[in-house]
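Worksheet: one structure, shown below.
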Amino acid sequence: TIFFPRVGRIKVQGMTAQQVQEALTKGLARTIRDPQLDVRVSGFNSQSVQVTGNLRTPASEAITDAPLTVLDAINRAGGALPDADLQNVGVTRDGKRHTVDVAALLETGDPQQNVLLKDGDIIDVPDRSNSRVFVLGEVNKPTSLPMNRGRLTLADALTGAGSLDVKTGDPRYVYVVRGADKTLTPDVYQLDMTQVDALMLMTKFDLQPKDVVYVQVSNAARFNRALEQITPTLQSLFYTVQLSR
């Protein structure tokens with residue numbers, strides 16, 4: 001409710017600025033001839049959303065007479081930090097978290113990802129710790145790699161790990177293990193890099209968060225490692241036999 005001279009106290013909850021103007025004009029018309037006045041909203045405080053996470057200035061954002069979308073809220077919070085995972089932005093509404101792909105919105109302009117926000121919504125922008133790919137096995141630098149705006153190809157992953165170890169790696173057996181954290185029977189993909197079209201396939205094979213890229217050891221390297229393990233034992237036996245003589 002608000003109080004206005006010559007009109008008194010009136011209830012304005014749920015009314016637009018134009019409707020309030022008309023109500024005040026009607027009230028003033030009882031004592032003033034042809035009253036003219038303008039009504040504007042000086043501040044919006046009753047409805048807001050919380051914007052948190054990897055942003056420059058996380059804050060509470062007010063919902064005004066202009067529609068507020070996820071992208072608007074992120075921009076008002078100063079934009080995302082370099083390590084933000086824009087592919088998995090969360091919008092929590094009525095206690096349930098919904099995932100929004102803001103990266104797709106920025107890259108392709110997908111309007112379905114630009115969710116219209118409501119009072120009480122919570123927007124969280126996570127970091128990319130859960131959007132990593134692990135490269136293991138016979139590579140020069142086994143590592144975990146963050147995805148760039150939700151995208152990383154098999155070629156990118158192998159390059160980031162320093163490529164295959166040419167001495168020990170078997171280029172015929174490059175595996176991608178997917179879904180190991182969700183099921184007991186993950187999906188396994190195999191790439192034979194000795195094939196002519198392997199390089200093209202590597203650049204087109206998009207990885208997903210928490211995929212594991214594994215390069216198998218070659219048979220020759222496996223034999224050499226086994227030989228290295230038993231060599232000290234053979235040498236000890238040889239010296240023991242020599243001493244016994």
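What follows draws every value from the coordinates through simple rules; no lab data is involved. Treat the numbers as computed from the prediction; the structure is a model and nothing was measured. Don't worry about glycine lacking a Cβ; one is built from the backbone with ideal geometry, like all the others, and counts go over all protein chains shown.
Computed quantities for the displayed model
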| quantity | calculated |
| --- | --- |
| Neighbourhood net charge (9 Å Cβ-Cβ; Lys/Arg +1, Asp/Glu -1) for Q47 | 0 |
| Between 0 and 90°, nearest 10: helix 17-28 axis offset from the chain longest Cα axis | 20 degrees |
| Net +/- balance of residues flanking S129 in space, Cβ distance below 11 Å, scoring K and R +1, D and E -1 | 0 |
| Stokes-Einstein diffusion coefficient of the stretch 24-70, Kirkwood radius over Cα pairs, 37 °C, 0.692 mPa s, in µm²/s | 232 µm²/s |
| Mean separation of Cα contacts under 8 Å (6+ apart) over length of the chain, as relative contact order % | 14 percent |
| Cross-link partners of K96 among lysines (Cα-Cα below 29 Å; sequence separation of 8 or more within a chain) | K118, K182, K210 |
| Relative contact order, percent, the stretch 87-129 [alpha-carbon distance under 8 Å, six or more residues apart] | 45 percent |
| [x] 23.7; [y] 18.3; [z] 19.7, with the label sought being that of the calculated Kirkwood radius over Cα pairs in Å | [x] |
| Summed residue charge, Cβ within 11 Å of N75's Cβ, Lys/Arg positive, Asp/Glu negative | 0 |
